[in-house]
Amino acid sequence: MTSQLSTPVRLTSTTHGTMRWVPVAAFGADLLLVSSAALGAFVVRTAVPTSVFPRAFAEEAVFVMLPLLILAWVASIYAFGGYRLEIFGAGLEEYKRVVTPSLATAAALGIVAYLFMLNLSRGFFVLTFLIGIPLLVAGRYALRRALHRARRAGQLQQRVLIAGTEGHVDEIASVLERETWLGYDVVGAVTPQASTKDTTGLGIPLLGDSRSLAQTAVDEGVDIVFLAGGAFSSAAEMRRLAWNLEHAAIQVVIAPSVTDVAAERVSVRPVGGLPLIHLEKPRGQDAVRRAKRAFDVVVSSLLLVAFAPLFAVATLSVFLHDRGPVLFRQQRVGRDGVSFHCLKFRTMVTNAEDLLAALHARQGYTGGLFKMTDDPRITGPGAWLRRYSIDELPQLVNVLRGDMSLVGPRPPLPHEVAQYDADMVRRLQVRPGMTGLWQVSGRSELSWSEAIRLDLYYVDNWSMVQDLTILMRTFNAVVGSRGAH
């Protein structure tokens with residue numbers, strides 16, 4: 001090992017840039033929201049008639065406790081790590097570190113009030129936390145949305161250096177570059193052995209080998225070092241890296257070769273000093289059980305009744321336009337490769353299939369999902385039916401019959417299934433859905449490979465909570481007409 005790994009790096013890098021202001025913004029927002037909750041509770045309590053709370057309301061006690069409560073509440077969030085930089089932007093940890101200290105503050109205040117016989121209104125106490133906790137969670141959510149928008153616009157980026165074999169480097173880099181909302185800017189990589197190449201296969205600059213990782217991280221002014229597979233040959237080398245960077249404001253993140261796995265399927269259990277990562281089995285079989293089917297039947301039945309007027313308007317619009325068929329029946333492949341006729345309101349001219357070959361040639365289509373902007377086959381009524389996805393409502397009948405589910409992978413065409421490799425076939429383990437992850441993540445704007453990736457993620461990581469989330473996001477995507485062609 002070279003001296004660069006045996007001698008600690010004493011330089012302190014000026015990292016994080018404007019990201020260091022995110023915790024400051026969160027602190028200011030929390031302070032404002034906690035103060036608003038306490039003052040709001042005071043105003044509401046004073047407006048309540050004394051007959052509701054017969055006991056006297058000591059305003060003087062509240063005025064004394066108010067600033068102490070606010071300071072103790074915010075201090076508790078700080079003590080629980082609610083302003084640590086690494087928790088912002090992703091995951092539930094940020095919300096946990098707001099809710100948990102809030103509950104702890106409420107418990108502590110209740111105990112203190114009881115022990116010292118403080119004349120504190122119970123109505124004020126309850127209202128403060130009933131108002132404050134949701135406000136804090138909503139504030140953090142708003143801050144996260146603003147942070148994601150800034151990152152997608154190229155701001156508030158964190159410079160990342162990845163260490164590992166070229167294959168693992170490219171695998172991690174592709175995820176970080178795809179998920180732009182994370183705000184990770186990959187500036188380079190180091191590999192276990194020096195390479196004669198300048199870049200990896202994905203185009204990530206190669207900046208040296210792992211023996212000089214600590215010094216390279218400081219020289220490049222990075223914020224985070226990602227340790228991918230093959231970064232070091234022993235745990236001792238990884239431990240020395242942490243020692244070398246202890247005086248530099250650089251985070252060290254271990255990125256195991258596990259991608260597209262939901263957090264609910266991952267648990268870390270330290271055993272004998274080893275942080276072992278346990279993965280639950282894929283959940284594809286859970287997605288075809290009776291509970292999901294019962295949900296589909298009940299909800300699709302209710303929606304068919306609720307949308308009956310819309311069905312009537314769509315039917316008249318399509319028929320009166322050219323007196324052609326109202327419904328379009330297309331053969332699709334469902335669960336376990338069984339074909340069925342997928343129902344839609346007809347949005348194209350009656351000879352649309354005859355024109356398809358010419359459009360394939362014009363667009364240079366070679367395989368996968370065929371979509372094009374301003375498709376000349378779309379009729380006038382079809383345009384607005386597609387814009388708001390009204391054309392897909394007849395698929396509720398498919399759901400009721402059991403051909404489809406409300407949520408699931410996109411129902412593929414037979415010629416698409418013929419192109420599937422062994423991985424893609426996993427999509428057919430569950431019923432196809434009217435909506436799914438790919439629809440709420442970009443719809444027609446996604447590439448074929450990205451749509452397949454999202455569908456496979458859904459199959460392996462299914463949960464009822466995820467289904468409900470997708471249904472809610474679908475409503476937002478449809479109303480905004482995002483990505484619909």
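The numbers here are math on the coordinates, done by the rules we state, and not lab data. Treat the numbers as computed from the prediction; the structure is a model and nothing was measured. As a convention, Cβ positions derive from the backbone with ideal geometry for all residues, glycine included, and neighbour counts pool all protein chains shown.
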P(r), alpha carbons of region 157-259 - 5 Å bins starting at zero, rounded %: 2, 14, 27, 27, 19, 9, 1
Cα-based Rg of region 286-479 normalised by 2.2 N^0.38 Å, two decimals: 1.01
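Could you work out the equivalent-ellipsoid semi-axes for the chain, taking the square root of 5 times each eigenvalue of the Cα gyration tensor, largest first, in whole Å?
Largest first, the chain gives 46, 38, 20 Å.
Mean Kyte-Doolittle of at least 0.0 plus a Cα span of 20 Å or more along the axis: flag which DSSP H helices in the chain meet both, please.
Length and hydropathy pass: 21-47, 59-79, 93-115, 122-152, 290-306, 308-322, 464-479.
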Computed [θ] at 222 nm, helices only, for the chain once each DSSP H run of length n ≥ 4 contributes -39500 (n - 2.57): -15500 deg cm²/dmol
Pairwise Lys count, the chain - Cα closer than 28 Å, eight or more residues apart or different chains: 4
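For a quick check of your reading of the filter: which trypsin sites (Lys or Arg not before Pro) in region 158-228 sit in a DSSP loop and have no more than 13 other Cβ atoms within 10 Å?
Numbers: sites: Arg159, Arg178, Lys197, Arg211; in loops: Lys197.
Filter output for region 158-228: Lys197.
Which value in Å does the Kirkwood hydrodynamic radius of region 18-152 take, with 1/r averaged over all unlike C-alpha pairs and then inverted? List each step's numbers first, then the result.
Working: mean 1/r = 0.0635 Å⁻¹.
Result for region 18-152, one decimal place: 15.7 Å.
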